[in-house]
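**Q** Below is a structure I'd like to ask you about.
The values are calculated or read from the model by the stated rules, or taken from the named source; none is laboratory data. What you see is a predicted model; the values in this text were computed from it and never measured. In this analysis, Cβ positions are derived from the backbone assuming ideal geometry, glycine residues included, and neighbour counts consider all displayed protein chains. Calculation scope for accessible area: heavy atoms of the full protein, side chains included, ligands and nucleic acids excluded. Shrake-Rupley method; radii C 1.70, N 1.55, O 1.52, S 1.80 Å.
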Amino acid sequence: MRYPVEVRLSQPQARPRMDSLQQVGAESLLRLNLWQLMTTEGLTGKGTEAELHITDLHVCTKPGGAHVIVPLDAINLAEAERATATMVRHTLDSSVLLADWRIAHCGVKLDESLLGDTPERAECATSPLSVEPAPPERPPTPPDVMRERLLLASLRPSPFPLRAFGYDPEAAPGDSTDELTARLAAGAVQDIAFRATRHVLRDHRSLSLSRLADIDEMGVYGLLPPAYRRRYDASFSNWMLITVVDMAARLGRPGWTPPANIAEALALHIIITTAERKILHEKLAAEARIAPAFVALRAYAFDNDHHERLYTASEDAGLDPVFEHMDFAPGGLVSWFAPGKHGHPYFIAQLGDRPTVFDEAAALGADDAAAQLRAELGLDPQNLFTVTDLAAVGIVEGTWQATSPAVQPEVPISKGDLWRVLCYHRHSAQRWFRSWCAKLGLDENSTIDDLADAHGGDLREPLQAFGGWLTDPTRSLPSGHTVGQLAGTQHGVFCDIVAHNLSTIVEYNKAGGLRQGLLIAAARGGLSSTRYGTPGWPSTVELVAPMLTEPNHPDWGPHAAAHGGIAALLPVYAGDEFSEVRDTLTAKPWRVDSATADCVVTALLTKLTASH
């Protein structure tokens, strides 16, 4: 039978009471360590219909201790209480931070659903352990009391002087915010900053316990840009929690430095906006009177409006909004927390500079990249389609790199099928760029300079559309999967990687023009002749073709004996059948069967290894 065992823990009275962050830390220690013990002891009911999950553990911390409810299967009530007390005591003893805590109470929590229709039910239903009384509703604070509270709050240390709210003691009446209004606005900001820590801790707890938590109902996260709602998960919350708590602390200290990144700007934006709404909701001042004070504050506090642009993003479910903001958030949500010059030390340590796969080619410069295309590959770097074809390969290689979740899928897929998917994307990217050029009236005889004249030199819009197509979770692939299935729960991370690499081209384009952006991407695409989509691919097919029909070919090396011999893996081709396969490999390799694709990948790896 499953018993809900209630445990009340208390810390020594001599120890200072825990603040909000310490309570979150204590909760995490208790929850994770208890769950690890339950898993080790086989007490989670794994494999049964009543299997427990970590979210079934109820852990609620308070300044002086914690309240825990552990659901436990046991032969009787006494055994459930004994096992729970032993696990909790072991958890406390094994933690340096909780070692001096004590168990104030440990007993089964009575619950109506466990009692059934027994004569004792009526008596037990009134037990203080089974019925938690609803907290009494607080009466609304009278406007005069609220106004006085905010005016007192305005006297706290603050980075914003009254002039930040538009107050100018030397201005004529009506030409600036009056002192009372400025103090009211300053007090509201202080009041909301104080409460923001509590709200963000509650939001963080909800997201940590369940991916199904309702974002819209949250005090802080519910006010973040709605288009990114599906990206607000536990990992995001870990970073946003630090940002909001740090911003609330900064608002209690003199001296102001504008937000170092988008996340800090969002945290401040939410605090300021909520403070303004509070004054209007409580009817403490007319909108015409208070609005100019907050307009002045925003002009004083922010040095750009990037965070506001996030709220204008489309909520189209098929397009991740990161591609609308590549010009100022080049790495997707990760770049929201980029530390900059004055960022939080945690993010400086975690992020720093994020290199891209284009860095090697970018070091060449546009002229060097053009020279490389001409000297090493014998290509004309002025021909538009020559450059865009190789640029498409370079972009695909950059966005489906080894660190991308799209090539570390959560669903089973063979290396051959994955190779077919990559070939398909190179081909599709090339077609996509050619189609874009055709819409501008350009063809195979056009030059790269013709594209700059036709388009005006801005790559942001077409690359935004390309990123949306590349990451569309509903798009079908040759392997039978969709992009969403391959990326799985890491689809958002995949979008960030794509945005990061596409925005690199945008930045090159911004610094050196359209020619530089495409030539650098093209140089990246042409670095390897063993990739489908490059001029050297047909020769590569001819190089590995003999290996695909001869299991004893000497180039197989150790692979000939691996997996019971390469002969067991190679398809059998009758007559001129392989001639068709070779033609398909040359022109449209994603159309070969999975077995052939597996052997092609093995052959390519064997040749590459032998050449090095």
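**Q** Taking ALA263, is it open to solvent by less than 10 Å² (accessible area, probe 1.4 Å) and small (Gly, Ala, Ser)?
**A** Details: open to solvent by less than 10 Å² (accessible area, probe 1.4 Å): yes; small (Gly, Ala, Ser): yes.
Criteria met by ALA263.
Yes or no, residue by residue, for (1) at positive phi; (2) among the hydrophobic types (A, V, I, L, M, F, W, C); (3) not in a loop (DSSP other than H, G, I, E, B):
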residue	(1), (2), (3)
ASP216	no, no, yes
GLY222	no, no, yes
VAL244	no, yes, yes
PRO259	no, no, no
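**Q** Quickly run through the stretch 482-505 and pick out the residues that are open to solvent by 10 Å² or more (accessible area, probe 1.4 Å) and among the hydrophobic types (A, V, I, L, M, F, W, C).
**A** Result: VAL493, ILE497.
Residues are listed down the side, and each one gets a yes or a no for (1) within 24 Å of PRO330 (Cα to Cα); (2) polar (S, T, N, Q):
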residue: ARG431; (1), (2): no, no
residue: SER435; (1), (2): no, yes
residue: ALA438; (1), (2): no, no
residue: ASP443; (1), (2): no, no
residue: THR447; (1), (2): no, yes
residue: ALA452; (1), (2): yes, no
residue: ALA465; (1), (2): yes, no
residue: LEU470; (1), (2): yes, no
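**Q** Something else about it: Cβ-Cβ below 6 Å, separation at least six or inter-chain, first residue in the stretch 465-481 and not assigned by the TED database to the domain that holds ILE395 and open to solvent by 40 Å² or more (accessible area, probe 1.4 Å), second modelled with pLDDT under 85 and of a type outside the set (Lys, Arg): which pairs?
**A** none
**Q** What number goes with the only condition from (1) free of Cβ contacts under 8 Å to residues at least 40 places away in the same chain; (2) open to solvent by 20 Å² or more (accessible area, probe 1.4 Å) that ARG230 does not pass?
**A** (1)
**Q** Still on this structure: Would you point out which residue out of ALA313, ALA329, ALA299, ALA317 is open to solvent by 50 Å² or more (accessible area, probe 1.4 Å) and modelled with pLDDT under 90? Give the derivation first.
**A** Working: ALA313 fails: open to solvent by 50 Å² or more (accessible area, probe 1.4 Å); ALA329 fails: open to solvent by 50 Å² or more (accessible area, probe 1.4 Å); ALA299 fails: modelled with pLDDT under 90.
Matching residue, one of ALA313, ALA329, ALA299, ALA317: ALA317.
**Q** A further question follows. Looking at ILE215 and the list (1) buried (at least 20 other Cβ atoms within 10 Å of the Cβ); (2) in contact with an Asp or Glu (Cβ under 9 Å, 6 or more places away or on another chain); (3) of a type in the set (A, V, I, L, M, F, W, C), which single condition is not satisfied?
**A** If we test ILE215 against (1) buried (at least 20 other Cβ atoms within 10 Å of the Cβ); (2) in contact with an Asp or Glu (Cβ under 9 Å, 6 or more places away or on another chain); (3) of a type in the set (A, V, I, L, M, F, W, C), just (1) comes out false.
**Q** Name every residue in the stretch 1-17 that is surrounded by fewer than 20 Cβ atoms within 10 Å (Cβ to Cβ), hydrophobic (A, V, I, L, M, F, W, C) and in contact (Cβ under 8 Å) with a residue 40 or more places away in the chain, in order of residue number.
**A** Listed by number, the list holds a single entry, MET1.
**Q** May I pose another question? Answer yes if at least one residue in the stretch 423-430 is within 27 Å of the chain's Cα centre (by Cα), assigned to a helix (DSSP H, G or I), modelled with pLDDT under 85 and under 19 Å from PHE323 (Cβ atoms), and no otherwise.
**A** Looking for residues that are within 27 Å of the chain's Cα centre (by Cα), assigned to a helix (DSSP H, G or I), modelled with pLDDT under 85 and under 19 Å from PHE323 (Cβ atoms), one finds none in the stretch 423-430, hence no.
**Q** Sort out which residues of the stretch 18-64 are among the charged types (D, E, K, R), open to solvent by 50 Å² or more (accessible area, probe 1.4 Å), at pLDDT 75 or above and part of a helix (DSSP H, G or I), and write them in order of number. It would help to see each step written out before you state the result.
**A** Kept after step one, since they are among the charged types (D, E, K, R), are these residues of the stretch 18-64: 19, 27, 31, 41, 46, 49, 51, 56, 62.
Restricting the remaining residues to those that are open to solvent by 50 Å² or more (accessible area, probe 1.4 Å) gives 19, 41, 46, 49, 51, 56, 62.
Checking the rest, the ones that are also at pLDDT 75 or above come to 19, 62.
Selection gives nothing.
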